[in-house]
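Report on the structure given below.
The values are calculated or read from the model by the stated rules, or taken from the named source; none is laboratory data. From a predicted model like this one, the values you see are computed outputs, not experimental measurements. Using ideal geometry, Cβ is built from the backbone for each residue, glycine included, and neighbour counts are taken over all protein chains shown.
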Amino acid sequence: MNKHILLVALMVSLLTFNLFANSFMSTDTKTLAGEKVNFPDFALEPRPVLFALAMGTSKESGEIQQEQLLEWQKLLQTHNSLKHVSFYHFPVIDAPGFIQGVIRRGITKSYSGLVQLEKAAVIFIKDTKAFANQAHIPLDDQATIAVVLPNGTMSGYIKGPPSEQALEELIRKLQ
């Protein structure tokens with residue numbers, strides 16, 4: 001009888017973990033290449049991937065974060081042990097519908113030639129803070145790189161521009 005209680009407790013624990021695991025708010029969007037997709041599902045792969053998240057508290061903050069994430073992109077493309085890891089870019093923006101097309105075109109232009117446009121999408125949402133809270137990522141003025149597992153949960157994240165220490169931490173989170 002005690003084995004059954006233990007088994008039930010274990011199953012409840014696993015279900016509870018999955019319900020409260022760090023995950024992203026699901027939303028429909030378009031890649032910068034123009035394909036309609038569901039975030040985050042379209043970016044999930046059989047192995048961990050990296051999500052470059054620019055979640056600015058202002059337009060200026062978002063632009064600074066975008067620059068930091070493009071620096072990360074360059075570093076990861078040249079780092080031998082990370083070349084195989086997929087890197088997706090997701091600016092997260094709270095903007096009214098009538099200017100979303102202009103924003104998407106501007107970001108597409110700034111990423112062109114630097115980022116695979118099919119691996120980038122602008123996430124337009126109504127509440128950036130709620131988006132960050134659901135993933136348990138602090139909303140601040142630093143870029144975020146999240147390590148995302150095949151089931152859509154996060155195994156961790158790092159904040160800020162590239163540095164040797166941040167790179168070592170990112171490699172540890174991918175293992």
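Looking at (1) in contact with a Pro (Cβ under 6 Å, 6 or more places away or on another chain); (2) more than 15 Å from residue 53 (Cα to Cα); (3) hydrophobic (A, V, I, L, M, F, W, C); (4) crowded, with 17+ Cβ neighbours inside 10 Å, which one does residue 174 not meet, given that it meets all the others?
In the conditions (1) in contact with a Pro (Cβ under 6 Å, 6 or more places away or on another chain); (2) more than 15 Å from residue 53 (Cα to Cα); (3) hydrophobic (A, V, I, L, M, F, W, C); (4) crowded, with 17+ Cβ neighbours inside 10 Å, residue 174 misses (4) alone.
Determine whether the stretch 58-81 contains at least one residue that is touching a helix residue (DSSP H, G or I) at 6+ places or on another chain (Cβ under 6 Å) and of a type in the set (A, V, I, L, M). Give the steps one after another, and end with the answer.
Initially, the stretch 58-81 is screened for residues touching a helix residue (DSSP H, G or I) at 6+ places or on another chain (Cβ under 6 Å), giving none.
Checked the stretch 58-81: no residue is touching a helix residue (DSSP H, G or I) at 6+ places or on another chain (Cβ under 6 Å) and of a type in the set (A, V, I, L, M).
Out of 137, 125, 93, I need the residue that is free of Cβ contacts under 8 Å to residues at least 40 places away in the same chain and of a type in the set (Val, Ile, Thr). Which one? Full working, then the answer.
On the way: 137 fails: free of Cβ contacts under 8 Å to residues at least 40 places away in the same chain; 125 fails: free of Cβ contacts under 8 Å to residues at least 40 places away in the same chain.
Sole residue among the options that is free of Cβ contacts under 8 Å to residues at least 40 places away in the same chain and of a type in the set (Val, Ile, Thr): 93.
Within the stretch 73-92, restricting attention to residues that are modelled with pLDDT under 95 and hydrophobic (A, V, I, L, M, F, W, C), which residue is nearest to residue 161 (Cα to Cα)?
Applying the filter and picking the extreme gives 75.
Out of curiosity, is residue 171 of a type outside the set (Phe, Trp, Tyr) and either within 14 Å of the chain's Cα centre (by Cα) or at pLDDT 95 or above (or both)? I'd like the intermediate steps shown before the answer.
On the way: of a type outside the set (Phe, Trp, Tyr): yes; either within 14 Å of the chain's Cα centre (by Cα) or at pLDDT 95 or above (or both): no.
Spelling it out, it is not the case that residue 171 is of a type outside the set (Phe, Trp, Tyr) and either within 14 Å of the chain's Cα centre (by Cα) or at pLDDT 95 or above (or both).
Being exposed (fewer than 14 other Cβ atoms within 10 Å of the Cβ), modelled with pLDDT of 95 or more and among the polar types (S, T, N, Q) is the filter here; which residues of the stretch 125-150 pass it?
Those that are exposed (fewer than 14 other Cβ atoms within 10 Å of the Cβ), modelled with pLDDT of 95 or more and among the polar types (S, T, N, Q): none in the stretch 125-150.
Which condition number does residue 105 fail, the rest of (1) out of contact with any strand residue (DSSP E or B) (no Cβ under 8 Å at 6 or more places or on another chain); (2) outside any helix (DSSP H, G or I); (3) more than 16 Å from residue 74 (Cα to Cα); (4) not polar (S, T, N, Q) being met?
(2)
As an exercise: evaluate residue 110 against (1) surrounded by fewer than 17 Cβ atoms within 10 Å (Cβ to Cβ); (2) touching a Ser or Thr at 6+ places or on another chain (Cβ under 8 Å); (3) not charged (D, E, K, R) and give the number of the one condition it does not meet.
(2)
Quick one: is residue 117 among the aliphatic types (A, V, I, L, M), over 26 Å from residue 171 (Cβ atoms) and crowded, with 17+ Cβ neighbours inside 10 Å?
On the way: among the aliphatic types (A, V, I, L, M): yes; over 26 Å from residue 171 (Cβ atoms): yes; crowded, with 17+ Cβ neighbours inside 10 Å: yes.
Taking the combined requirement at face value, the residue satisfies it.
Among the residues in the stretch 154-175, are any within 19 Å of residue 30 (Cα to Cα) and of a type outside the set (D, E, K, R)? Even if it seems obvious, please write down each step before you answer.
If we filter the stretch 154-175 for residues that are within 19 Å of residue 30 (Cα to Cα), which is where we start, we get none.
Looking for residues that are within 19 Å of residue 30 (Cα to Cα) and of a type outside the set (D, E, K, R), one finds none in the stretch 154-175, hence no.
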